[in-house]
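Beneath this line is the structure, given in structure tokens, with notes to follow.
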Amino acid sequence: LQKSLNETFGADKYSEARKEVLTNMFSRPMQMALYFCTGVLEDETLFRHYALNVPFYTHFTSPIRRYADIIVHRLLSASLGASSPIKMEKEAIQKQAEHCNDRKMASKRVQELSADLFFAVFVRVR
């Protein structure tokens, strides 16, 4: 998609803006990743990453950014035997995952509403 967009737009002063708008529009409908505890979900097809075409997938970033990433780091460390298991029941981990999902969705919604508001003000001023 990115390659196609890069080839489609020229080098005029609006090409970068057009590409940004279309990239944003194309990526909005994509399903957001959700955190979940594998020990709670029985359907292993939910562990699949569609775009990468892999049956089991986990993702995390630096644990200084999000609580969910701290949990994933701790669980992976324990599963590799590098640390002792965390003292949380799988239901508690799932509850934390759902809370993180709720906060992430709320944050995304506020971001989208903010962009819509900015665009409306921009159009009104112009």
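None of the figures in this text is laboratory data; all of them are computed from the coordinates on show. Fair warning: this is a prediction, and the values are worked out from it, not measured in the lab. Don't worry about glycine lacking a Cβ; one is built from the backbone with ideal geometry, like all the others, and counts go over all protein chains shown.
A few comments on the model shown:
- Order by protection proxy (mean Cβ within 10 Å, highest first), peptides 41-50, 71-80: 71-80, 41-50
- Where trypsin sites (Lys or Arg not before Pro) fall in DSSP loop in segment 77-110, at most 11 other Cβ within 10 Å: 87
- All other residues whose Cβ lies under 11 angstrom from that of residue 88 are scored, Lys and Arg at +1 and Asp and Glu at -1, for a net of +2.
- Taking other residues whose beta carbon is less than 12 angstrom from the beta carbon of residue 101, and scoring Lys, Arg as +1 and Asp, Glu as -1, yields +3.
- Rel. contact order, % - alpha carbon contacts under 8 angstrom, at least six apart, the chain: 20 percent
- P(r) histogram, all alpha-carbon pairs of the chain included - 5 Å bins from 0, percent: 2, 8, 12, 16, 16, 13, 10, 9, 7, 4, 2, 1, 0
- Total charge dipole magnitude, the chain, about the Cα centre, Cβ charges on Lys, Arg, Asp, Glu only, Debye to nearest 20: 460 debye
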